[in-house]
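Structure, as structure tokens:
The values are calculated or read from the model by the stated rules, or taken from the named source; none is laboratory data. Here the structure is a predicted model, which is why all the values come from computation and not from measurement. Using ideal geometry, Cβ is built from the backbone for each residue, glycine included, and neighbour counts are taken over all protein chains shown.
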């Protein structure tokens, strides 16, 4: 049994095509992400090189309660080929190869399973990365991110403990944002992160292959983490599919102002309009966009919202890269014959594609996209009818707010997922589930949502967040669930401990009733 396919090697791609000729078969074997990487490489798009461990391997891993025989040898062999292809060496002090390790289920489960970036950095290779890039700050920032992610994902150390250390260092160096921390501050942060490990009885591994082995194991295990199980139950996804593991050469969006990372939809996922729509964060790593921590820039004039209307667009700052992205978007949509959701990174002015998948969309968008793709000759009328689900039709009949009604607006955010919802304010996802089970209607209010909040989002009538953009976790998951959502509502000042939020001088306590309008972004 072959455990690994290296999608940058012609012979592996040819073998794959024989074994899984149809896209659906390939997704089953390599997961959605791996199939996308292989397919984009095959059609000549700029994809960072890497390899995928199959979903079958994951199933075997659970059956045998550990790595199946021969898997680790195949991983080592694939790493050697990757080193040769990139001209870099894993763990080297001079020219280190860094990789990301990501999960990839056959069905898209946004954010439900684990990812680790910058793998291969150690006390030695961080100096090599600084030399290789002539950017010491960047190297230490990448290292502290790895230690933080690895601790949380692989060893289960609560991420709040790392956040606390980060806040302490920011206070000490008078920095408002992470990006303001200099080399000395980041070196100090790395040391304090290592102390967090010690408190939990661990050491951060200095052998890059040990990091890789532990990370692969953690991704397999994340198939059965609590939030993934809940998500599968909600979306009726079978438990025995397993996840693939993608090991991909790192490209960096945080190398300076000519770098960045973003998410683009080939059509507007809210309305279905045939317009490239998306968000972009200059000088940032991919996780920063989805986590919704900084306010992203719009990729073009069309994508601007109230929150980022003052910020320059990607089209203005990087016209050539934007033009290339637009061409790639058109090509991918024609190739897959459906609206795509694309993750991309720009490293020093060069565009790389990290993922493409069928984009989640609102019901209104689903109908419009289906109709227009028939007119454009992309799909048949029969296919168009199949693409609009009974749930879509149900959502179109969603409650809307009476435009004539008298309203007292307390806040306005981004209209992330349409429809109106009324309910009692709750701040805790567990409480949302508890009240919903008693038949009460609730609105889940959070600073931002994470994949751990999925059960609360499912129980709520609607979702309201203080941070995050149109492609943040809350926005994507709410659209997929057909739930009204208002995100990035920056006027909200939330006090989680005391259980209230303040907006425009109004104090709204836990269990007070509010209305959110996911079509306009207003909160009443």
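The listed residues are 315, 343, 310, and the only one of them that is within 22 Å of residue 468 (Cα to Cα), touching a helix residue (DSSP H, G or I) at 6+ places or on another chain (Cβ under 9 Å) and modelled with pLDDT under 95 turns out to be 343. Against the definition (free of Cβ contacts under 8 Å to residues at least 40 places away in the same chain, surrounded by fewer than 15 Cβ atoms within 10 Å (Cβ to Cβ) and not in a loop (DSSP other than H, G, I, E, B)), how does residue 73 come out, yes or no? Against the criterion (free of Cβ contacts under 8 Å to residues at least 40 places away in the same chain, surrounded by fewer than 15 Cβ atoms within 10 Å (Cβ to Cβ) and not in a loop (DSSP other than H, G, I, E, B)), residue 73 qualifies.
Does residue 415 count as in the same structural domain as residue 514 (by TED's automatic domain parsing) and either in a loop (DSSP other than H, G, I, E, B) or within 28 Å of residue 268 (Cα to Cα) (or both)? In short, yes. Considering only segment 60-69, I want to know if a residue exists there that is part of a helix (DSSP H, G or I), within 30 Å of residue 321 (Cα to Cα), out of contact with any strand residue (DSSP E or B) (no Cβ under 6 Å at 6 or more places or on another chain) and touching a residue at least 12 places away in the same chain (Cβ under 8 Å). No, segment 60-69 has no match at all.
Checking each residue in segment 293-307 for being assigned to a loop (DSSP other than H, G, I, E, B) and touching a helix residue (DSSP H, G or I) at 6+ places or on another chain (Cβ under 7 Å) picks out 294, 295, 296, 299, 300.
Quick check on segment 206-213. Is at least one of its residues on the phi < 0 side of the Ramachandran plot, within 20 Å of the chain's Cα centre (by Cα) and in contact (Cβ under 8 Å) with a residue 60 or more places away in the chain?
Looking for residues that are on the phi < 0 side of the Ramachandran plot, within 20 Å of the chain's Cα centre (by Cα) and in contact (Cβ under 8 Å) with a residue 60 or more places away in the chain, one finds none in segment 206-213, hence no.
Taking the listed residues 343, 347, the one that is in contact (Cβ under 8 Å) with a residue 40 or more places away in the chain, touching a strand residue (DSSP E or B) at 6+ places or on another chain (Cβ under 8 Å) and crowded, with 18+ Cβ neighbours inside 10 Å is 343, with no other qualifying. Confirm whether residue 445 is assigned to a strand (DSSP E or B) and farther than 29 Å from residue 228 by Cβ. For residue 445, the condition - assigned to a strand (DSSP E or B) and farther than 29 Å from residue 228 by Cβ - is not met.
Within segment 5-16, identify whether any single residue is free of Cβ contacts under 8 Å to residues at least 24 places away in the same chain, touching a helix residue (DSSP H, G or I) at 6+ places or on another chain (Cβ under 8 Å) and either assigned to a loop (DSSP other than H, G, I, E, B) or over 17 Å from residue 102 (Cα atoms) (or both), and answer yes or no. The answer is yes; a qualifying residue exists. Exactly one residue out of 487, 433, 422 is farther than 30 Å from residue 343 by Cα and touching a helix residue (DSSP H, G or I) at 6+ places or on another chain (Cβ under 7 Å): that is 433. Screening the candidates 83, 56, 25, 77 for the property of being over 22 Å from residue 344 (Cβ atoms) and touching a strand residue (DSSP E or B) at 6+ places or on another chain (Cβ under 7 Å) yields one hit, 83.
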